[in-house]
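K.L.:
Sharing a structure here in structure tokens format.
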Amino acid sequence: MYYLRDFVTKERVNPTNMVFTGETTPWEVVMDLDEVKSKINLDYFRQSPPNILKYLPLLPIKKQTEFITLRESATPLIKSRKLGRSLGIDLMLKVEGKNPTGSFKDRGTAVEISVAKEMGAKAIILASTGNMAASCACYSAAAGIPCFILVPEGVPPGKLSQVLAFGGHIVQVKGTYNDAADLAYKIAAEMGFYLAGDYAYRLEGAKTAAFEIIDQMLFQVPDYLVVPIGCGTNIGGYYKGFMDYYRLGLIDRLPRIIGVQAKGACAVINSFDEKRNDITPLPSINTLASAIAVANPIDGLKALEAINSTNGYAISVTDNEILAAQHRLAKEEGIFAESSAAATIAGVEKLVAAGKIDAHKKVMCILTGDGLKDPQVVLKAAIKPPTIYPQIADFTNLYSNGFFDGKSMVFVEKSDTLFDKEPSKTDITRELQNLFSATYGEEYIDKIHQSLAKIVQKGKHITISDFQDSIQGVLESPKNNVADVFSVVDFNVSTSKDKRALANVRVNIAGQEYTADSIGTGPVDALIKALTHACRDTLEFKLTEYKVEIRGQGTDANVYVEMKLQQDTKNSIGSGTSPDIVQASIEAFAAAYNAFNHNS
Ligand SMILES: *Cc1c(COP(=O)(O)O)cnc(C)c1O
């Protein structure tokens, strides 16, 4: 019914283990389409609704009744409401993030894991840091086969929480992603595990998306199909799927296929631009679109074939273009796609602007993953929401001061220096308008000014992200007609090797000064103990939460501290931001203390 061959030499291969890729070239599955034709009734096939089971005869699955499916496929195809009109094209969006684990990977995984099960694999192994890992752990769980995932050391655990939920075994490897991938290959060969990943069988599953689009469009073919490229397997799958339908006589032409990569990881685009038919691996990559951050695309040649043989294009887009497109897509269409997926929108915008896509053309963007996969990316660009007291005046104040008219996201390099000395109030007003389209009243500008002056006093340049933090800090210290009762007049903290930290503080509470000192296991611990001591006559509280976040990069990055205090049944939260963790803790403490008073 099918055989495997080398994609480059076209020579048949006969694997003796469960590794379905060559050492340097990819392999491919060759289906016997005549046999397929003899098995299916084309008229019936044409009329039955899209569904993964309908496509089984076109897949390398021997025992169809044992296919491991979680009903991947049949994802929404949505006509754009606004973006298409503003671009002057007929834009359609294929929401592949609606697959079981939130990305299109599930289509390929269903086929890979089913093949592994057919072959009696005792385990699945793969190297991945993201969506592939989540998808394989999920289908392995469904198939009842253990799944081992090798990741380079240092991958944020949050990214792998889906894998852990499915009971996948994560092993961290000291080395790069490529080291992990090489090791997975060797383990599979040595131990007889099934090597999952961007190999021959996966592409067969990926191609079902092409079938589905044609079915959903009632056998009309879009003019352009736009796909993000990581390893190139997905775009290769689309090409193969359209070719299968073409050979079966179900369509009479193919869409022109457009591949999009991030500027910081664009090996395929380089080859296309230089009209080369090979892929040069990149020495390093740099993009926040993590699902397409690939230095050496295994299926790069298949991607080039898809683009070149359909007279398509390949284009790269910057991270800020991707983030802006992701936001526009969510805001104007109601679709929250992963940044790697939104790259397609950024690519189309660029091609339309360059006159490479004509007006009124039917353009289909493949939104490969769900935005919830990587919420961190969005938070980086977003302005943190303000905090208010539960009083209507606090809300109407923000509303009438134009707070909600400003931007909620900005797409600029946040680590760029904005001011290298203390800015004037005019500078602040101007940059607020420039960066955030925001105009705030005198009172807010004063407070922002004070907060920026403090950063300069610490000997630090003010970056865009510092600026944003200061604005947020000010918005979070709500306007309130009750004056602050608590302030820290001075403090001193010392630590040294092998000795406990020592802190002393002088505070002012309702006009009266108190001092206290204390030792602690570290500077912040000592400080909080001293503060607690200094406040003992005025406020009896418990510190119930202490959270620290580093905002920015480098040792001079801002530290954001949030504290929650509890007094009887009342809670109070305060936050502070400073390059100095002790200073940030003091601000947070003062804000939380004062909030008790404001609320009572
Ligand atoms: C894997 C992935 C891609 C890249 O697909 P390839 O087949 O590697 O080219 C793009 N977007 C998302 C969301 C992905 O998970």
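K.L.:
Given Cα positions, please report Rg to Rh for the range 231-303, the hydrodynamic radius being the Kirkwood one. Write down the numbers at each step before the final one.
P.N.:
On the way: Rg = 13.9 Å, Rh = 13.2 Å.
So for the range 231-303, dividing Rg by the Kirkwood Rh gives 1.05.
K.L.:
Let me ask something else. Taking R0 as 60 Å, what's the FRET efficiency between ALA295 and ASP537 from their Cβ-Cβ distance, rounded to 0.05?
P.N.:
Once rounded, the FRET efficiency stands at 0.45.
K.L.:
Sort TYR2, TYR440, TYR194 so the one with the fewest other Cβ atoms within 10 Å of its own Cβ comes first.
P.N.:
So the residues, fewest neighbours to most, are TYR2, TYR440, TYR194.
K.L.:
For the residues LEU150, LEU435, what sequence is obtained by ranking on other C-beta atoms within 10 Å, fewest first?
P.N.:
LEU435, LEU150
K.L.:
Now for a different question. How big is the range 83-132 on each of its three principal axes, counting only the C-alpha atoms and giving the largest first in Å?
P.N.:
Principal axes ranked by extent give 53, 23, 14 Å for the Cα atoms.
K.L.:
Now, a different point. Relative contact order of the range 178-337, please, whole-number percent, based on alpha carbon pairs below 8 angstrom and at least 6 residues apart.
P.N.:
Over the range 178-337, the number comes to 22 percent.
K.L.:
Still on this structure, please answer the following. For the chain, what is the relative contact order in percent, using Cα pairs closer than 8 Å and at least 6 residues apart in sequence?
P.N.:
9
K.L.:
Using the Karplus equation 6.51 cos²θ - 1.76 cosθ + 1.60 (θ = phi - 60°), what ³J(HN,Hα) coupling, rounded to whole Hz, does each residue of the range 241-249 give in order, writing x for Gly and Pro?
P.N.:
Each residue of the range 241-249 in turn: x, 4, 5, 4, 5, 5, 5, 7, x Hz.
K.L.:
Rounded to the nearest 0.05, what FRET efficiency do ASP427 and LYS82 give with R0 = 30 Å and r taken as the Cβ-Cβ distance? Could you check?
P.N.:
Between ASP427 and LYS82 the formula returns 0.25.
K.L.:
Evaluated at 25 °C with a viscosity of 0.890 mPa s, what Stokes-Einstein diffusion coefficient in µm²/s does the range 400-443 have when Rh comes from the Kirkwood expression over alpha-carbon pairs?
P.N.:
Estimated diffusion coefficient is 212 µm²/s.
K.L.:
For a distance above 30 Å, tell me the whole-number percent of Cα pairs in the chain that qualify. Present the calculation step by step, with values, prior to reporting the outcome.
P.N.:
Working: 107373 of 179700 pairs.
So the portion of pairs separated by more than 30 Å is 60 percent.
K.L.:
Which three numbers, in whole Å and largest first, are the semi-axes of the equivalent ellipsoid of the range 192-318 derived from its Cα gyration tensor as √(5λ)?
P.N.:
Ellipsoid half-lengths, sorted descending, are 25, 17, 12 Å.
K.L.:
Mean residue ellipticity at 222 nm from the helices of the chain, using -39,500 (n - 2.57) per DSSP H segment of n ≥ 4 over the full residue count, to the nearest 500 deg cm²/dmol?
P.N.:
Taking each H run of at least 4 residues, the total per residue is -11500 deg cm²/dmol.
K.L.:
Right, next: Compute, for the chain, the length of the dipole vector about the Cα centre, with Cβ point charges of +1 (Lys, Arg) and -1 (Asp, Glu) only. Units Debye, rounded to 20.
P.N.:
Here the chain has a charge dipole of around 1100 debye.
K.L.:
Here is a follow-up. Compute from the Cα atoms of the range 98-226 the Rg and the Dmax, the latter being the longest Cα-Cα distance, and quote both in angstrom.
P.N.:
That works out to 15.6, 50 Å for Rg and Dmax.
K.L.:
Taking a temperature of 25 °C and a viscosity of 0.890 mPa s, what whole-number D in µm²/s does Stokes-Einstein yield for the range 498-545 with Rh from Kirkwood over alpha carbon pairs?
P.N.:
Answer, rounded: 222 µm²/s.
K.L.:
How high is the FRET efficiency from THR9 to LEU53, r the C-beta distance, R0 45 Å, rounded to 0.05?
P.N.:
According to the calculation, E is roughly 0.85.
K.L.:
Of ALA289, VAL561, PHE395, which is farthest along the charge dipole of the chain in the positive direction, counting Lys and Arg as +1 and Asp and Glu as -1 at C-beta?
P.N.:
Ranked along the dipole, the leading option is ALA289.
K.L.:
Between 0 and 90 degrees, rounded to the nearest ten: what's the tilt of helix 425-436 against the longest Cα principal axis of the chain?
P.N.:
With both axes taken from Cα atoms, the answer is about 20 degrees.
K.L.:
Tabulate in residue order the Karplus-calculated ³J(HN,Hα) for the range 24-29, using 6.51 cos²θ - 1.76 cosθ + 1.60 with θ = phi - 60°, rounded to whole Hz; enter x for Gly and Pro.
P.N.:
10, 10, x, 9, 9, 8
K.L.:
What number do you get for the range 1-80 when its Cα radius of gyration is normalised by 2.2 N^0.38 Å, N = residues?
P.N.:
In units of the 2.2 N^0.38 Å rule of thumb, it is 1.37.
K.L.:
Under a 5 Å amide H to amide H cut-off, with H placed in plane at 1.01 Å, what residues pair with ALA314 once short-range neighbours are removed?
P.N.:
Residues meeting the amide H criterion: GLY259.
K.L.:
How far is helix 464-476 tilted, in degrees, relative to the longest principal axis of the Cα atoms in the chain, given as a value from 0 to 90 rounded to the nearest 10?
P.N.:
That works out to roughly 60 degrees.
K.L.:
Still on this structure: For a footprinting-style exposure proxy, rank ASP252, ASP319 by other Cβ within 10 Å, fewest first.
P.N.:
Ranking ASP252, ASP319 by Cβ neighbours within 10 Å, fewest first, gives ASP252, ASP319.
K.L.:
Rounding to the nearest 10 and keeping the result within 0 to 90°, find how far the Cα-based axis of helix 523-534 lies from the longest principal axis of the chain.
P.N.:
That helix lies at roughly 40 degrees to the long axis.
K.L.:
Would you mind estimating how fast the range 462-567 diffuses translationally, via Stokes-Einstein at 20 °C and 1.002 mPa s with the Kirkwood radius over Cα pairs, in µm²/s?
P.N.:
Calculated translational D: 136 µm²/s.
K.L.:
Separate question: Can you give me the Cα centroid spacing of the range 528-588 and the range 303-367 in angstrom?
P.N.:
Comparing the Cα centres of the range 528-588 and the range 303-367, I get a distance of 44 Å.
Quick note: the coordinates plus some simple rules give every number you see, no bench work behind them. For clarity, every value in this text was computed on a predicted model and none was experimentally measured. Note: ideal-geometry Cβ built from the backbone for every residue, glycine included; neighbour counts use all protein chains shown.
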